[in-house]
Every structure is written in C-alpha cells, then in structure tokens.
Amino acid sequence: MIKAWVSYLPGWAIMVVLSLIAMGISKLVVIGGKEPLEASALVVVLGIILRNTWKIPSQCSAGIKAAEKLLVLGIILMGFGLNYQKVFSESRDILTLIVVTMTVGYVLIYLLSQWAKLSQKLGILLSVGTCICGGTAIALIAPIIKAKEEETSYSVAVIALWGVVAVLLYPLVAQSLGINAHDFGLFAGTAIHSTPQVVGAGFIHSEEAGNLATAVKLVRNCFIAPLALLIALWFTRQQVKSEKTNINFARIFPWFLFAYFLTSWIGTQGYVTDAQFKQYLEPAGKFLILLGMAGVGLNTDLGSLRRVGITPLIIGLIGALVVASVSAAMIYWFHQHA
C-alpha cells in the first residue's frame, strides 16, 4: 500500500506545479471587478497542452492516473461547507431531475448507436458513460458485458472529450446568461459526465454552484450499482451459454460517499464553524479539487480521438447536448411550477 502511494508522488508533483501556475495566472485576470475561479478551467487546458505536446515520464503515469484520489479528498473536505438540510429540502425534484436525465440520455444514445450500426457493446458504454459518471461507469460496465479493449478505450475517449468541453464551455455560457449558482449547480450535477468534470465546472461558476453540483452528482453516482445489476442480468440472458456474470459490488459502490455525507452532517450540525471552514478546510479542499482538474487535463489524450472515428464522436456530442437540454428544460419547469 505504501509503495503504491509513493509511486503516485511524481505524477502528483506535476499536478501541483500546473495548479500553482494556473492559480498564479488566474490572479492576474480580473473579470467584473472580482477574481473568478478560472484556475479550474485553466489547469485543465494546461494539462491537455502538456499531455499532448510533451512525453510525460513513465514514472509520472501512476500519479496522473490516480488524480481522482486527490479529488475525492477535496470533495470530502468541501462537504464541511455544505448544508445538506437546504440541499435535500428539494430532494424530490433532484431525484426526478437525475432519473429523467439519466433515462433519456441512456435510451437516446443507445438507439442512436444502433441506428449508426455501432456495436451493441460500444453503444452501451457510450450510454452509461454519459448518463452516470463518465469513464468510471465505463470501466465498471465493460467487464460485465465483455467489451473489447478498443470499444472501452473509444468510449472513454469520446466521453472524456465532450466532458472537458462541457467543463470549459458550460460555466462561461451560464455566467453570460446570468444563470444563478443554484440552477447551474443542479444543471452541472445532472448534465456533465464524470465527477471531476462536474466538480470543476461547478466551482468555475461559483462556490455555491460547486457545492451543490458535487452533492447532486454524488447522489447520481449511487445509481451505478443498480444499473450495473440490470445490465448484467440483461447481458446474461443474451448469452447463448447461460454463463453467470459476477459483479463486484464492493468495487462498484462509491464508498467515499459515506465520508462526504458525514462531513456534510458535521458541518450542518455546526460542529465546524463557518470561520474554521473558510480558514482551513475550504482552501485545502479547493486546492485538492484543482489538482484533480489538472489530472483531467493530463489524462486527456487527443491522439486517441483520431482512432475513434467521427460517428462515435457525433453520437457522444448529440447525447451530451440532449442530456443538457433535458436538464435545463426540467429546471425551468421546476421554476414554473414552484
């Protein structure tokens, strides 16, 4: 265990350097009389540039691939600043928003994939990557349906590309349209693919949007296990030989949710004061999240997209736009029927 963590240090060191550079640049850019949280977007761009213009030493690969571990720690720390009573006072609307966007996204992308004559397994991977949690969901579902390695890598590349575009584009569009932090938090939590991308986009918009987007996304992540079970049961029935498909639910379930909701409970109950959170926990949490966003950029291999082909990319784009449109329409509908 210790040896594994030590192997992460070179990659994490690169992420720290990129994050400090992004923070330094962001302090030089003032928009509208304030210093925006643009470091989260900038560090993604820096990571993409570095990954695709420089051969990163192999010693750094383990740490870069393990970037999400730092992001998770940041999310847990930011939980101290979340008032879960306020968030879950509208839990029915949040659950409705999650279920509808997930269902529409999954069905649409799967049908488009079949219409475009992509393999059935690639269609499933694109669907789960869009509607649940990006590359994590793909990595979990791929062994269950016995997807080929290229199908897995293609779907991860497609989801990663449009997820990064969403991180950079959605907050800018929302700010230009004057969309408030609450609505953007709901939108980001349901319309963007993976957890790092959701967290990054949320905090690029504002701290309030980042906290809400994170909470919504983690609730959405809880659907991984039941969806994996349904897909496994369906896939098993499709087999000519009735072979059993074993699912590692211990691996599927995002256990850090317990830590996040525990820190949220502690913060909500007032055991950590707002002053303590602002002084110690919030800066640490934001920096860890920034490191995770550096990892998003460093893990984006633009060269792999050339091997994907145009059809999966178009389907991924259509799916992302439809999920975003459904999310925005439902949030508008909630306002009209409040």
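So, in the stretch 301-330, of the ones that are surrounded by 20 or more Cβ atoms within 10 Å (Cβ to Cβ) and β-branched (Val, Ile, Thr), which residue ends up farthest from Ser155 (Cα to Cα)? Checking each candidate, the answer is Val326.
Counting only helices (runs of 4 or more DSSP H) wholly contained in the stretch 71-170, the ones carrying 3 or more residues that are modelled with pLDDT of 85 or more and either open to solvent by 20 Å² or more (accessible area, probe 1.4 Å) or aliphatic (A, V, I, L, M) (or both) occupy 91-115, 120-128.
Note on the stretch 171-190: residues that are in a helix (DSSP H, G or I) and more than 24 Å from Val99 (Cα to Cα) total 5. For the structure I just gave you, tell me whether Gly185 is under 28 Å from Ile310 (Cβ atoms), crowded, with 22+ Cβ neighbours inside 10 Å and either at pLDDT 90 or above or under 18 Å from the mean Cα position of the chain (by Cα) (or both). Spelling it out, it is not the case that Gly185 is under 28 Å from Ile310 (Cβ atoms), crowded, with 22+ Cβ neighbours inside 10 Å and either at pLDDT 90 or above or under 18 Å from the mean Cα position of the chain (by Cα) (or both). Being modelled with pLDDT of 85 or more and under 26 Å from Asp183 (Cβ atoms) is not true of Val296.
Please pick out the residue among Phe287, Phe256, Phe277 that is surrounded by 15 or more Cβ atoms within 10 Å (Cβ to Cβ), farther than 26 Å from Ala22 by Cα and not aliphatic (A, V, I, L, M).
Details: Phe287 fails: farther than 26 Å from Ala22 by Cα; Phe277 fails: farther than 26 Å from Ala22 by Cα.
Of the residues listed, the single one that is surrounded by 15 or more Cβ atoms within 10 Å (Cβ to Cβ), farther than 26 Å from Ala22 by Cα and not aliphatic (A, V, I, L, M) is Phe256.
Within the stretch 319-338, being in contact (Cβ under 8 Å) with a residue 24 or more places away in the chain and within 25 Å of Tyr110 (Cβ to Cβ) holds for Gly319, Ala320, Val322, Val323, Ala324, Val326, Ser327, Ala328, Met330, Ile331. Taking the condition modelled with pLDDT under 90, assigned to a helix (DSSP H, G or I) and either in contact with a Leu (Cβ under 6 Å, 6 or more places away or on another chain) or closer than 23 Å to Glu207 by Cα (or both), does Ala41 pass? Yes, satisfied.
The values are calculated or read from the model by the stated rules, or taken from the named source; none is laboratory data. Keep in mind the model is a prediction, meaning the values are calculated, not measured. Cβ atoms come from the backbone with ideal geometry, glycine included; neighbour counts cover every protein chain shown. What goes into the accessible areas is simple: the full protein's heavy atoms, side chains included, and nothing from ligands, DNA or RNA. Shrake-Rupley method; radii C 1.70, N 1.55, O 1.52, S 1.80 Å.
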